[in-house]
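Derivation of every value follows stated rules applied to the coordinates shown; laboratory data play no part. Computed from a predicted structure; not experimentally measured. Glycine also receives a Cβ, built like all others from the backbone with ideal geometry; neighbour counts cover every protein chain displayed.
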Amino acid sequence: MTGPTQIVVIANRLPIARTPGGWRPASGGLVTALRPVLEASRGAWVGGWSGSKEEPPAHVSGLSLDLRAVPLSPRLVAAYYQGFSNQTLWPLFHDLVHQPIIDRSWWEAYRGANELFAGTAGGFERPREQPPVLWVHDYHLMLLPRLLRRGGSRSRILYFLHTPFPAPELFARLPWRAELLQGVLGADLVGFHTDMYRENFLRACRYLLPEVSVEGDTVRLPDGRSVRSSTHPISVDARELIKKIGEPRVQRQTRRLREQFGSRTVMLGVDRLDYTKGILQRLRALELLLERRADLRGRVTLVQIAEPSRYEEPRYRQIRVEVEQAVGRINGRFTEPGRAVPVRYMYRSMPLSRLLSYYLLADVALVTSLKDGMNLVAKEYVVCQAATQGSGVLVLSEFAGASQELTQAVLCNPFDEEGSRTGSRRRSPWAKQSAGAACRPWAPTSTPTMFSRGRRRPSPMPLLLKSEPKGPDRSGCSSPGTPRGLRGAGDRLPTPLSE
Ligand code: GDG
């Protein structure tokens, strides 16, 4: 066979959604990040499927990928996905923002589901043909690399974790810690968003697997194999975003929004409604700000877009209740007669074009995750602001992976709602470095170079290297008493957006 090596992505879900108008590519960050690489390699995607009688198609218009579904029964999904993945691994990997639940039947289901994925993914290898690269994604499939190898795979196997990898002391709480690490070590290369996650993984291997040795960024196994680890921060498709923000529809919507919001300062939150995203903490910080700065009431609005997520889990229903109570409380307390509400809350998934209009509109983006593997919203906001020479300010949790790259952001500690004077401050808005970091391509188009270095790739994509943004510097100092989560926004709040 000639041509580029085929890449087969294996992820919990297929990258498609059923809409009233038919099947469409899904809008998730993973699909967006991977699309350019996959489409250049006659790529394929293996993903779980459950719950609908209609078989997902092998091809969907607008996505040049072969799709292969792994049918999962609703019972298996309840235990493998909603149970072990989302109620055991997810909270544990996000530093116990909630207590993980340990349930042996969920673990058995997790193992069973990983075996089903192995069966389907293994089908891409054909005798006498160059084997594809098998690229396994995320915490749902940690056992899969080893299962593929044990099944006799000749493929190069990559594994990428989209969440943080926790400190070994936390990871050690899992009764199945050794199996999970050994599962991942079935890969040839293991990738993480940040050096810290990668180092946590290597330390976990060192402490929890007596049979392996760790040398630098490589784990050596008793069977003679070596597994390399790499830091490879995911990014967004900046070219595509920039193309979209130039579309007349986005421009029109942005103008309309500007008219609606007038001279008010707009802060923006865009998140899946997940307890890791720190939405409640953000709301409490705003409440404190409005409590202390009566002059800001009626002059500042937080637009919070909360995308529905994992609603079948009680904790997610609970966080929704808490968020909506907080929104109601803040609006009840601070709405002045005849004036706009301080929080405009939307619990729904927005079309991308509208989301982009909000990125262009917002004076401040608030990314206040308690823990976050990377956070693509932060990068999307930077790309949109930089591309239009905007002067928006990104307030970014220091516990989001993105804080390692977006060094010009105003960093915040979302656990410190009350705030103090110790927050970091940045005076220059979207300078070259941040814009470059936000839109650095994630995956090089040829996979052999994928994860080719132990450390983060240093060269920024020059696409957005523009001059310093025009307009006033909105990223500067905070005033005493400004909640730290909003530092940098505080002193600029009364200033209308200027372009
Ligand atoms: C995991 C890790 C890591 C959100 N609301 C809408 C919408 N979105 C889009 C955003 C962004 C994506 O969803 C969310 O990205 P995050 O990075 O915040 O992602 P998670 O879902 O938590 O994903 C995370 C990521 O994997 C990738 O490795 O960064 O740390 O937790 O692209 O724009 N898009 C549309 N409407 C919405 O309402 N169209």
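Annotations for the structure displayed:
- Residues whose amide H falls under 5 Å from that of Ile16, counting only those 5 or more places apart or on a different chain, are Ala26, with hydrogens built in the peptide plane.
- Separation of the Ser50 and Glu240 label points, Cα + 7 Å toward Cβ, nm: 2.7
- The DSSP beta bridges internal to the stretch 7-231 are antiparallel in roughly 30% of cases.
- Listed residue pairs exceeding 20 Å between alpha carbons, taken from Lys243/Lys277; Lys243/Lys379; Lys243/Lys371: Lys243/Lys277; Lys243/Lys371
- Cut-off under 5 Å, modelled amide H: who pairs with Leu63 long-range: none
- Sequence of Lys371, Lys244 once ranked by neighbouring C-beta atoms within 10 Å, starting from the fewest: Lys244, Lys371
- Note on Ala172 and Glu322: the model spin-label points, each 7 Å out from Cα along the C-beta direction, lie 2.9 nm apart.
- Net charge of neighbours whose Cβ lies under 9 Å from the Cβ of Phe399, counting Lys and Arg as +1 and Asp and Glu as -1: -2
- Set of aspartates and glutamates with alpha-carbon distance to Lys244 below 16 Å, sequence-local pairs under 8 removed: Glu380
- Ranked packing of 186-199, 383-396, most packed first, by mean Cβ within 10 Å: 383-396, 186-199
- For Val70, the residues whose modelled amide H falls within less than 5 Å of its own, excluding neighbours fewer than 5 places apart on the same chain, are Gly47, Gly48, Trp49.
- Near Ser27: Cβ cut-off under 14 Å, other residues only, Lys/Arg at +1 and Asp/Glu at -1. The net charge is +4.
- Couplings 3J(HN,Hα) of the stretch 198-215, computed from phi: 5, 5, 4, 4, 5, 5, 4, 4, 5, 7, 9, 10, x, 7, 9, 10, 10, 10 Hz, in residue order, whole Hz [Karplus 6.51 cos²θ - 1.76 cosθ + 1.60, θ = phi - 60°; x for Gly and Pro].
- For the stretch 221-226, putting each phi into the Karplus relation 6.51 cos²θ - 1.76 cosθ + 1.60 with θ = phi - 60° gives couplings of 9, x, 7, x, 6, 10 Hz, in residue order, rounded to whole numbers and with x for Gly and Pro.
- The residues packed around Leu96, meaning those with a beta-carbon under 14 Å from its beta-carbon, carry a net charge of +1 if Lys and Arg are +1 and Asp and Glu are -1.
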